[in-house]
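The structure under discussion appears below in the form of structure tokens.
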Amino acid sequence: MGKGSISLTRRQFLHNSAKGACVAGVTVSGLALVSGSSGASGAQALRPPGALAEAEFMAACVRCGLCVEACPYDTLKLATLFEPAPMGTPYFDARAVPCEMCDDIPCQVACPSGAISPELASIDDARMGLAVLIDQETCLNWQGLRCDVCYRVCPLIDEAITLEAQRNTRTGHHAMFIPTVHSDACTGCGKCEQACVLETSAIKVLPRDVAKGELGKHYRWGWVEKDKAGHSLLEQDVLDLPDRRPEGG
Amino acid sequence: MKAQVGLDAVARFGWMRAHRFLLLRRLMQLSVMGLFLLGPWFDVWLIRGNLSSSELLGAIPFTEPWMLLQSLVSGYWPQATLLLGAGIVIAIYWLIGGRSYCSWVCPMNVVTDTAHWLRRQLKVRSQITMPSSIRWGVVAGALLATAFVQGLVWELINPVSLLHRGILFGLGAGWLLIVAVFLFDVFVVEKGWCSQLCPMGACYGLIGRISPVKVVANRREDCNQCMDCYVVCPEPHILKAPLREMKQGSSPLVSAQDCTRCLRCIDVCGQDVFDVTASLKTNNSIQPVATGNRPRTKVENNK
């Protein structure tokens, strides 16, 4: 077997090589199965601030836990088997312990591989996820009450979350103040999700690729293009279709 | 296979001497684990991180070479800290014998040593054997999958990094994987994980291919063929040439890259055959034979 002083015959050599190749094949397919079923290509959990895009993160993170030990608030955890993130990688559960958005970003400083990118200069530019007011049916503000807690706790209040007044059609003469998240400012720290007063939070931080839609590349907003051009983009004698009216109208 | 080994050594040299390297090893394994636990448990931060990558005294980085290799193969070029850390680890393990990681540091070693002990007590006799090419099959397969998925897929199931990380950061359901390896070693393949499958062992073996620290069978003519060293050795095939083939001119150096420098052979030998030594020589009977199929007698007459 193997080295030592046993001289390998060609037959044994081929036999062992074939076995090795079979094991390689089994390993490849086994790992492909594991990586497919454990969501290795996309965590459903939130990553530390500055983490590379998920696919790149899976190649860069060496599962050392230095970021976890550097985190002063015990926000970060390393995933183990059957957890929302692939095994050994850092993530946090915003409802339990959100990111406190330290100015000096200690987890980023601790990362030896660059999986938490050194390019993130300010914690306000972090994009750990995106808060989404996911359940309008239970959100107190959506019922016309003034809870406002998610708005109040937001570290970027009036930038990442604003309150937008809407007519309250239930009473007919009140306003509703709708907590509205703005993706250009939200860092995904999770303070809002943690603070939500409901039994289960109505506002949740989701990975950005889950939360965000994406326009077709060729889409243009007519009003934006109109502003850019400074005048209407339509010819003056544009074809006018007949107005459709209800029967007998 | 014998359930009890080293009885001669105990009778002749006393229990302590017949277990000194085993005890030293356990002490070392506990110390390494303890060093990492000082931070999380007692807030004394001599070392941060885990065996995959760590930082000693806030300055010296260490990186597991297999971890770095996977990261490189998945197409990521890491920061200098990680590369430097791997360089330091490779240098250290080259110096003290590559696979000394396996027997002196790796936490899985305690699990698989226990499995082997239990296997001997239970007299399990499954006859599944695997050629050493299996390990390189696992290495190749893991790296191919890593390149294909462009992520560290081996780390989704690697029980070695899982165990150390688990003790430090929480094992969760990860114990299932550790128990699986334990049962595999007890009932399916003898010394199956560490000696046959683990790709980290393969890497450290390569690093230690020409390490200076080696076991040497200095008094091999005293060997009474009790076979105790073969029973305890994680890689018994490496003992044959230095111990038995002196007539063929084999050097007494146990210089095969598979040797984990656990030094258990020195412990259990009732005839005091083995020593540990520092030498850059290799056992030259190993290379020529492995590369060709010339008649054995013609190969090693130059010694």
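Values quoted throughout were computed directly from the atomic coordinates according to the rules given, and no laboratory measurement underlies them. Note that this is a predicted model, so its numbers are computed, not measured. As a convention, Cβ positions derive from the backbone with ideal geometry for all residues, glycine included, and neighbour counts pool all protein chains shown.
Quick notes on this one:
- Exposed loop sites here mean GluC sites (Glu not before Pro) with a DSSP loop assignment and at most 10 other beta-carbon atoms within 10 Å; chain A contains its longest site-free run at A:1-118.
- Viscosity 1.306 mPa s, 10 °C: Kirkwood-radius Stokes-Einstein D of chain B over Cα pairs, µm²/s: 77 µm²/s
- Between helix A:10-37 and chain A: long-axis angle, C-alpha atoms, 0 to 90°, nearest 10: 20 degrees
- Choice from A:R146, A:R170, A:R95 with maximal GNM fluctuation in chain A (Cα, 10 Å cutoff): A:R170
- Length gained on full extension, A:E100 to A:R167: 20.7 nm, using 0.36 nm per residue less the C-alpha separation.
- Disulfide-incompatible cysteines by the Cβ rule (no partner under 4.7 Å) in chain B: B:C102, B:C106, B:C194, B:C198, B:C203, B:C223, B:C226, B:C233, B:C259, B:C262, B:C269
- Taking max minus min of the alpha-carbon positions on each principal axis, the stretch B:138-197 gives extents of 33, 29, 14 Å, largest first.
- The modelled label-to-label distance for the pair B:L84/B:R209, using points 7 Å beyond Cα in the direction of Cβ, is 2.8 nm.
- Less than 5 angstrom separates the built amide H of A:A175 from those of A:N168, all sequence-distant by 5 or more or on a different chain.
- Using distinct alpha-carbon pairs, which all enter the 1/r mean, Kirkwood radius of the protein assembly as shown in Å: 27.2 Å
- Of all the options A:G230, A:G129, A:G172, the one that moves most in a Gaussian network model of chain A with Cα springs shorter than 10 angstrom is A:G230.
- For the stretch B:212-269, the alpha-carbon coordinates run over 26, 26, 17 Å along the three principal axes, in decreasing order.
- Residues in the stretch B:75-107 reached by a label modelled at B:A147 [backbone nitrogen below 19 Å; 7 Å Cα→Cβ]: B:75-78
- Shown here: the stretch B:1-97, whose C-alpha atoms stretch 55, 35, 23 Å along the first, second and third principal axes, sorted largest to smallest.
- Computed P(r) (all Cα pairs; the stretch A:128-249; 5 Å bins; percent): 2, 10, 15, 14, 12, 10, 10, 10, 8, 5, 2, 0
- The distance separating the Cα centre of the stretch A:69-121 from that of the stretch B:93-115 comes to 30 Å.
- Expressed as a fraction of 2.2 N^0.38 Å, the value expected for a compact globular protein of N residues, the C-alpha radius of gyration of chain A is 1.50.
- Spacing of the modelled spin labels on A:K217 and B:K281, each 7 Å from Cα toward Cβ, amounts to 6.8 nm.
- Note on B:R244 and A:L233: the model spin-label points, each 7 Å out from Cα along the C-beta direction, lie 8.4 nm apart.
- Scanning chain B for DSSP H helices at least 18 Å long along the axis (C-alpha atoms) with a Kyte-Doolittle mean no lower than 0.5 picks out B:20-42, B:80-96, B:133-149.
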